[in-house]
Structure formats: structure tokens, C-alpha cells
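Notes follow the structure.
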Amino acid sequence: MDDIGSVVSLKNVKKAFGNNVVLSGIDLEVRKGEVVVICGRSGSGKSTLLRCIDQLETIDSGQIRAAGHLMGFKEVKGKLLPLHDSAIARQQRDIGMVFQNFNLFPHISVLENIMLAPARILKRKRSEVKQEAVALLERVGLPDKQNAYPRQLSGGQQQRIAIARALAMKPKLMLFDEPTSALDPEMISEVLDVMVDLSKAGMTMIVVTHEMGFARAAADRVILMHDAKIVEDGAPGDFFERPKSEHTRLFLSKILQH
Amino acid sequence: MSWSWPYFFDYMINGLMLRGVWVTIWLSIISMILGLGLGIIAALMKMYGNRIARYIAEFYIWLFRGTPILIQLVIIYTGLPQLGIRFNVVESCILGLALNEGAYLAEIIRAGIMSVDKGQEDASRAVGMNWRERMWLVILPQATRTIIPPLGNQFNGMLKTTSLCSVISMQELMRSAQMIAQIQFRVLEAYCIAALWYLLLVSIWGLIQARIEAHYEKPFGAEEAISSVEN
């Protein structure tokens, strides 16, 4: 890794779906413990960027280093060879991801959702994993929901469980893909509170969101994506008060006018 | 010769008949389990395999769904020996029934897998599961919920389809009835008893199936969802 402090390092990452270019040469560095908020219009490539970092999408060219891995590839004598499914899965264990639609496993209980990967994938001792899962439920404020099924929970509760499920793998990096966009307004803050706590605990986070309150309160940097490119990247103060890009001014005027 | 109740009741608990019932039960269960294995393999090959695997799976499904089970049984038992491939009666029945069942189940399983939300694949990848783990821990368990009702229907059919094995002299329920009918030529009584036994087996299976369905529906139960929304 070029920079020892970087948890995420993107170099000239390109991605297109057919003729539709979604990422046109993205460079991005995220240091350990940093919280980076990415915003932008829908279709600007921000969700795809997260999905590429976590290898849910493959990139067309460029390089992604995340959580200490060269994502999706291995370097053999200076050449990059694509990894197979199981090796990619091992890389993904060090990165947690939270989705807009929660995507909890509906057929098993809340506790089993959190325990599934550490117990069945890492094959760790069940009693130990269970203890940690209970502690995680405590941490996201849902200690009494162990035996509930996801279906029985509100959206805000489900999203907090999804965060706990991701944390159970002890990731070095957490990615949030519009974590509050599918929630009723009164449930947004309970999820953001958990995320703020997480950032205070020193977690490295990349958050795609339109919650500008969260960006002001918790972000170290705010990024604006426009037409598959990063057009603004700065501290929240600069981003909101002294944006450099015309796109940022336009974006802010649109989301702040009501 | 008119209807005879004494013969009717006698045939009901006739040793030969009961043996036939038992053979029908285990033949159905073994064939179904093997068919399920074949069906899962064929469905996964068709959905996730390379081009050759896909072609093999599609050819298998096409062949065994496109020809009568009776012909398949007869070919396996009486045709293949011509090529030096010999199976005994029991092997032939299990092989024929399982191959035929697998072809139907493959399509049912494929539909079940496709019914699982795409987000589940993302979520299971994101926690670091490889393909095998995603399938066995997340996708197939959820597909099961969709698969169970048609699967139960298939097993209902299987219980009755085994009667075709009588043609290649398998001594299951149908064959037992034939043999009993030939002793005193009480044909009607013998076949009515066989029919009753099939009805009974299918009815018992219906009860079992309802319990299995309830088990897989439990995580998705509507009433519990309503009761706990407040907290």
C-alpha cells in the first residue's frame, strides 16, 4: 500500500454498464478512522462506487485497495490476475456493508442473522459468537429482539440489526449505501445515532446518503459525485459554506431549499 | 358373482396387500429423495453452470419430462440389458422414478431460487460468503418456502406413480392387488382396496405436508408481525 494510513485507495477506477458510464476514472483515498460522506443525484455513480469497493460489482479498469486487500485481484510477478469466488469472499469479510433495503435474512431470527457469518463462515465457537452478538444487539439498542424474525421489526430496527450483522465480522471498513432512504422519517434518527456512535468509536466509514445533518455532524469529508466523477471533496465546513464546484452549489441549493 | 364384503375386509389387511403398501411407501420416499438431489443439481447446473453444464441439465430435463415414465421404466428394465446394462427390478424402479422426478423438481427448484430477493445475494456476499455458502445458508433455505407446496404435490403424485412399477413386476401396492385379484377373481374388491390404500397414504401425506408448510412459513407469519410493530 502506498500510504500506510489508507484503508481505501482507488486509482483511476472505471466502470460502465453497456454504453452507460457509471464511474469514469475515480481516484479516492480514505484514511483509517475517517468518515466520508458521498452525495449526488441518483445515477451519479455513488452506489456503484460502494458496490465496486465491496466487489458486488466488478470494475472494468483501475485498482481498488480496501481493508488491506487488492480487491478482486492478486498480484503475481507484477501481473494482476482476477480472483475466484472464494478468494473474493475472504476479502469481503473485512468490509461491512449496509444496504438501503436492509436485506436481513428473513428465514432466521435476529440473533441468527448476526451469528450466521461468524459461526458458519469463520467457524468460530458458537458460545463466543453468541456472546458477541448479544453485545452487538445491546450496542444498537435492541437487546430484547434476539428471537424476533426480521419481518416482525420496523424498518429502523431492521437497519440497526443489519449494522450489527455487518459489525459481527469485525470489519476494518464499513460501507453504507443510502441506509436511511427506505425509512419513515421518524425512524431515520435511530439509525443515524448508531452510525454516529460507530464513527466516534473510530470506524472507517464511507456513507452514501442525502442526510446532510449526518454529514455535518459526523463526516470528516464530504464528496459530491456528478456524471460518474468526483467533482467536490472537502471538509464539511468547506463543502457546505465554500463549495468549489458549480455542481455542488446547484446540488446544495436543491436539497436545502425546503 | 356380486360384491362381497367379507372378501373386501379380508383384502384390506391381507399380508400381501400390506406388504405392497409398505413397498409403495419406501419406494416413494427413496425415489423422492434421490429425485430431489438430482433436481437440485440440475437446477443449479442450469442456473449457474457453464455452457456445457447448462446443456446437459437442459437435455436431461427435456428428455425425462418429454417422455412417459412408463416407457422410461420399461427401457431401463427390459431395454438396457440388450446393451449389457442390467438393473434388478428394485434398482430399475428407483432409477426410473428418481430420474423422472428430478427433471420435474429441477424446474420447481429453479423457480424457487428465482423467487428469492436479489438483495439476499448482495447481503450474503457482503458478509463474505462464497457461492456454496450463499446457496446452502441463504438462498436454498429461502427458496424452500416457495418450493414446499409444489414439492408436496409432486410427492402426492409420486405415491400413485409408483403403481406403474407393477408393469415391470415390482411388488408394490398395485401389483399386490393384481396378484390378490387373480387368486379368487375378486377383481373389484381387490382394486377397490388398493385404491383405498392410495387414498389413505395421500391423505396422511397431506397432513404431514401442512405441518411442513407451517414450519417454513413461521418466520413470515403475518399475525406476529402486526403484534410487535409498536415496540
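The values are calculated or read from the model by the stated rules, or taken from the named source; none is laboratory data. Everything numeric in this text was worked out from a predicted model, so none of it was measured. So basically every Cβ, Gly included, is an ideal-geometry build from the backbone, and we count neighbours across all protein chains shown. Areas reflect the complete protein model, heavy atoms only, side chains present, ligands, DNA and RNA absent. Shrake-Rupley method; radii C 1.70, N 1.55, O 1.52, S 1.80 Å.
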With T = 37 °C, eta = 0.692 mPa s and Kirkwood Rh from C-alpha pairs, the Stokes-Einstein D of chain B in µm²/s is about 163
Rounded, prolate or oblate, given the Cα gyration tensor of chain A, with a/c below 1.5 counting as rounded?
oblate
Candidates B:R211, B:R175, B:R186: whichever shows maximal mean-square fluctuation once chain B is modelled as a Gaussian network with Cα springs under 10 Å:
B:R211
Within chain B, helix-based [θ] at 222 nm, where runs of 4 or more DSSP H residues each add -39,500 (n - 2.57), nearest 500:
-24500 deg cm²/dmol
Helix-derived [θ] at 222 nm for chain A: sum -39500 (n - 2.57) over DSSP H runs of at least 4, divide by residue count, nearest 500?
-10000 deg cm²/dmol
Segment A:91-227 - accessible surface per residue (Å², probe 1.4 Å):
37
Measuring with a 1.4 Å probe in the full set of protein chains, what accessible area per residue, in whole Å², belongs to segment B:94-148?
33
Summarise the partner chain shielding of A:117-129 as one whole number: the mean count of Cβ atoms from other chains within 10 Å of each residue's Cβ.
2
Those residues of segment A:87-105 for which accessible area with every protein chain present is at least 50 Å² below the isolated value (1.4 Å probe)
A:N103, A:F105
First select every other residue whose beta carbon is under 12 angstrom from the beta carbon of A:L81; then total the charges, Lys and Arg +1, Asp and Glu -1.
+2
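Where in chain A are the DSSP H helices whose alpha-carbon span along the long axis reaches 20 Å or more and whose Kyte-Doolittle mean is at least -1.0?
Numbers: long enough: A:185-200 (23 Å, 0.46).
Length and hydropathy pass: A:185-200.
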Number of partner chain Cβ atoms within 10 Å, mean per residue of A:137-148
1
Any idea of the total accessible area buried by the B-A contact, 1.4 Å probe, rounded to 100 Å²?
2500
How large, in percent, is the carbon and sulfur part of the accessible surface of the protein assembly as shown at a probe radius of 1.4 Å?
58
Hey, if we sort B:R86, B:R134, B:R65 by accessible area with the 1.4 Å probe, largest down, what's the order?
B:R86, B:R65, B:R134
Can you pull the mean other chain C-beta count within 10 Å for peptide B:118-124?
6
Positive end of the charge dipole of chain A (Lys, Arg +1 and Asp, Glu -1 on Cβ, about the Cα centre): tell me which of A:Q131, A:V110, A:H210 has its Cα farthest that way.
A:Q131
